[in-house]
Amino acid sequence: MSTFSPDLLSAPAEKIFYALTMFPYPSGVGLHAGHASVFTINDVIARYKTMSGYTVLNPFGFDAFGLPTENYALQENKLAREVTDTNKAMFLDQVKALNISFDYERVIDTSMPDYYKWTQWIFVKLMEAGLVYRDEKFVNRCPDCQTVLANDQVVDGKCERCKSETFQKKHMQWFIKITDYADRLIEDLDSLDRPEETKITQKNWIGRSEGCEIDFTIPNSDTILTVFTTRPDTLYGVTAVVLAPENTLIDDLLSNDKKIEVQSYRETTIAKTAVQRQQDAGEKKTGVFSGLYALHPLTGDSVPVWFADYVLMDYGSGAVMMVPAHDERDREFAQKFNIPVKQVIAQIDTENNEQSPIRFNIGKKSGEDISEGPAIYTNIGNDIWGFIYTKESYTGTGVLINSAQFDGMDSTEAKSAIIAHLESLGCGKKKITYRLRDRSVSRQRYRGSPIPVYYDENNIPQPIPESELPVVLPLDVTDFKPKGKSPLEDHPTFKYYEKDGKTYLRECDTLDTFMCSSFYFLRFPDTHNDEALIRKELADKCLPVDFYSGGKEHSVGHLLYSRFIHKFLYDQGYVPSPEPFKKLVHQGMVLGADGRKMGKRYNNGVDPLEIVEKYGSDAVRTYLMFMGPIEADKVRNDNALNGIKKFLDRVEKLPSNEWYNTHNDDVIATIHDTIIKVTEDIESYKFNTAVSKLMIAVNTIYDHKSIDAEHLAIIGQLLAPFAPILAQQLWEQTGHVDDIAFSAWPVADTNKITLKPINFPIQINGKMRGTLTVPAGISEQELLGLVHADETLSKYLTGTTKKVIFVADKIMNIINN
């Protein structure tokens, strides 16, 4: 195997290319088909760029802290460090068997002190910048992993690792204020080279909402219920205020009976996941009336205050205004608990062009049979509008009705007008909120970077001085089974911190693994530097990462948090760019032959190394790239793999044919044309079509029974990113003694590309009218001129040409009036 360990300090910045793939968890399962696919994708780019004259950084490492490795160690009843070391060695052997050109001198392990020193250093810097705090909040908790989980670590209400149902529990936690960067995280997305799906996913996760806060007062008290809404235009339709069960703002005002009822409801709510709370509909809706009423800020009407679990504490202030006529969840709740419905947005019926009836629900309670109610008419401005009753909630835009001085106003305009009115009265203000929440980062588990904090004599958290980092995780912890608290709390010495002759208590929770993975790409250029996160010279040369590949399932986890940490470090002057990655691609999933996700569940998995042993690494690599576009899911197909093996066997046999070292102009033309096409395909990440072009070229060689050493060497070079072992063999067979991996990527000689004439089909208004014999590669304008000059075809060109559909070397369709 070639050695790929670049001298970055000597290389000019413009000729450094940083290729990186997401590093794996060394969990014990080992290399799977997804790893093999994404590693090969990255390797094709790295090898191509190396041959194109770049100094390529293509490193590898292990995301070794966190639940995956710790859970595997518990499963195997082994020490976590032992498991990590064993699995790392296995992974490296597997990756090398695939002939991946990683820089094995820069391998990092996030669970080693020389790495997590910088995890702790970043935490301290965040703390100094006021972006870290400790607070007691309701958080997700996994009953099996016995630890807190961040929102992105809960999928459909379940722990992403062990699949247990999670629940909400109030817990003292460390948080990082990613919300301070919410706007920048959204605004900068538009300029990034990312899959559009990832941009949309991150925007939705951050969830920027523009609206307003509105104050509802509780009579005879100083209590104000502040709600956030994106629909202030529906304010006059409020018939209740609803609080999240966790909201304790009015607890002191509740009667004794209501306190008992509300507390019982809260205990029931805790057993539900956030997803279940949002999904419960219709008769499943639950709630408790508080016995209190709030005053509507504009009408002065009394509206009841309820607790309901479909309202979440982390949305706004944990309180919402209920508008059943214009929100489906509110309507379901109102229908069950007999709360009035008042429609204030009139939907215009656009089925005809005349003034049309508008539907609304004024003065009725949900559930009543009002479908046969008569139409009524009223004046809005100078127009007469007709209204009919309906049972459905209307969530769209329209015209305001039953809204005092705002009647007749377009609902979009009314939003600003009502906000301005609220601000003038001092009972509301414009507000921007986010779905994104500050990231909880402390975990009650053993395998994680210790949090570099101690508690002073006033129990105030203080950072460990930088000179004392890293705070080393003790390796003598043998009982690290989850118990709901950090195992480090029971360690005889770790939990104590000595300073100036005094003993203090350390923080014993550990940091979530996201902290380690959010900056690992910064360490690779300067892996062995113990004095700085990364030298400025290397940061300026290597950052941002040029090409980053990995799964789209990390869109709202690692890919979002790495952007946040990088922006923070940019603000602090440690990195030269506000974004960590120039180009991001997501590989599709490799599915089993049955079209389902590979794994034990369906008994359809396959060990990539078993396939390597059977077919060779070149065949496996080339097959993985040939299966389809990078981003598409691919179904395992052994027949296709056999086809790739046969293709490579045909290439290998080329020097042994009796017609080897013969000359043919058509073959030479094809090979130089293939240089252009394969180069274009690799540059645009169309690896499957690049392999297809190589197959066509080899077929042409066999068809003409001719190939010389010079052009066989070129075939080897074009094949090198995909099948490096065979490529090196061809390189040596054609008289070369150096490493093909560092040879110069071939450049096509266009003078040798002979364009054969082709019969070009011509359609006019969709009908075939004839063909023209023209040179391959003819342009649209050249061909159009020949059509007009042709006696037979030109007679069909009556009228004006509206459109020309042109597919190079395939077809032309001229659309005429």
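Here the Karplus curve 6.51 cos²θ - 1.76 cosθ + 1.60, taken at θ = phi - 60°, turns the phi angles of the range 398-405 into couplings of x, 10, 6, 9, 6, 10, 6, 5 Hz, with x standing for Gly and Pro.
Dividing the summed -39500 (n - 2.57) terms of all DSSP H runs of n ≥ 4 by the residue count of the chain sets its mean residue ellipticity at 222 nm at -10000 deg cm²/dmol. Each residue was assigned an accessible area with a 1.4 Å probe, and for residue 72 the value is about 50 Å².
Excluding the site residues themselves, the longest part of the chain lacking any GluC sites (Glu not before Pro) in a DSSP loop with at most 15 other Cβ atoms within 10 Å is 1-350.
Calculated from the alpha-carbon coordinates, the chain shows an Rg and a Dmax of 33.4, 104 Å respectively.
When the surface is traced with a 1.4 Å probe over the full set of protein chains, residue 92 keeps roughly 40 Å² accessible.
Backbone geometry of the range 7-23 corresponds, through the Karplus equation with coefficients 6.51, -1.76 and 1.60 at θ = phi - 60°, to 3J(HN,Hα) couplings of 8, 6, 5, 7, 6, x, 4, 6, 10, 9, 10, 9, 10, 9, 10, 4, 7 Hz, x marking Gly and Pro.
The trypsin sites (Lys or Arg not before Pro) found in the range 544-576 include none that occupy coil by DSSP while having at most 16 further C-beta atoms within 10 Å.
Largest first and in whole Å, give the semi-axes of the range 701-817's equivalent ellipsoid, each being the square root of 5 times a Cα gyration tensor eigenvalue.
With the √(5λ) rule applied to the range 701-817, the semi-axes are 46, 14, 11 Å.
Of 522, 292, the order by accessible heavy-atom surface (1.4 Å probe, DNA, RNA and ligands excluded), from most exposed downward, is 292, 522.
Measure out, as a whole number of angstrom, how far apart the alpha-carbon centroids of the range 284-348 and the range 228-244 sit. That distance is 7 Å.
Put a dot 7 Å past the Cα of residue 128, heading toward its Cβ, do the same for residue 163, and the two dots end up 4.6 nm apart. The C-alpha atoms of the chain define a longest principal axis, and helix 80-97 lies at about 40 degrees to it.
Note on the range 731-798: Cα-Cα pairs beyond 19 Å make up 55% of the total pair count. When you restrict to C-alpha pairs under 8 Å that are six or more residues apart and normalise by the size of the range 539-657, the relative contact order lands at 24 percent. Which part of the range 222-242 falls in the paramagnetic zone of residue 424, meaning amide N under 18 Å from the point 7 Å along Cα-to-beta-carbon? Taking a point 7 Å out along Cα→Cβ of residue 424, the residues of the range 222-242 whose backbone N falls under 18 Å are 232-236. Reported to the nearest whole Å, the Cα centre-to-centre distance from the range 39-113 to the range 483-519 is 27.
The residue list 113, 248, 436 was ranked by how far each Cα lies along the charge dipole of the chain toward its positive end, using unit charges on Cβ atoms, and 248 comes out on top.
With both residues required to sit in the chain, DSSP beta bridges show an antiparallel share near 75%. Classify the range 600-752 as rounded, prolate or oblate from the Cα gyration tensor: take a ≥ b ≥ c as the square roots of its eigenvalues, call it rounded if a/c is under 1.5, otherwise prolate when a/b beats b/c and oblate if not. Judged from the Cα gyration tensor, the range 600-752 comes out prolate (a/c at least 1.5, a/b above b/c).
For the range 106-130, the residues whose amide N sits under 20 Å from a probe point set 7 Å from the Cα of residue 536 along the beta carbon direction are 122, 125. Close amide H partners of residue 226, meaning residues 5 or more places away or on another chain with modelled amide H under 5 Å apart, are 216.
At 1.4 Å probe size, with the rest of the protein present, what percent of the exposed accessible area of the range 1-151 is carbon and sulfur atoms? Show your work: numbers first, answer last.
On the way: 2310 of 4890 Å².
Whole-percent figure for carbon plus sulfur exposure: 47.
Quick check for me: using +1 on Lys/Arg Cβ and -1 on Asp/Glu Cβ, what's the dipole size of the range 600-752 about its Cα centre, in debye to the nearest 20?
680 debye
With the whole protein complex present, residue 158 retains an accessible surface near 80 Å², based on a 1.4 Å probe. Simple rule: put +1 on each Lys or Arg Cβ and -1 on each Asp or Glu Cβ in the range 757-816, find the dipole, and look at 766, 777, 805; the Cα lying farthest toward the positive end is 766.
Taking amide H as placed 1.01 Å from N in the peptide plane, the amide H of residue 18 sits under 5 Å from that of 57, 546, 547, each at least 5 places away or on another chain. Heavy-atom accessible area with a 1.4 Å probe sorts 289, 333, largest first, into 289, 333.
Note on residue 417 and residue 188: with the Förster distance fixed at 30 Å, the Cβ-Cβ geometry gives a FRET efficiency of about 0.35.
Show the residues, 5+ positions off or on another chain, whose built amide H is closer than 5 Å to the amide H of residue 634. Those qualifying (amide H under 5 Å, at least 5 residues apart or on another chain) are 589, 590, 591.
Name all residues of the range 715-731 having a backbone nitrogen under 15 Å from the label point set 7 Å from the Cα of residue 652 along its Cα→Cβ direction, giving them as ranges. Residues 723-731 qualify, since their backbone N sits under 15 Å from the label point. 3J(HN,Hα) couplings calculated from phi for the range 264-271 with the Karplus curve 6.51 cos²θ - 1.76 cosθ + 1.60 (θ = phi - 60°) are, in sequence order, 4, 5, 4, 5, 5, 5, 4, 6 Hz; Gly and Pro show x.
The values are calculated or read from the model by the stated rules, or taken from the named source; none is laboratory data. Just so it is clear, the structure is predicted and the values come from calculations on it, not from any experiment. Here the Cβ is made from the backbone with ideal geometry for all residues, glycine too, and neighbour counts use every protein chain on show. Surface areas here come from the heavy atoms of the whole protein model, side chains and all, with no ligands, DNA or RNA. Shrake-Rupley method; radii C 1.70, N 1.55, O 1.52, S 1.80 Å.
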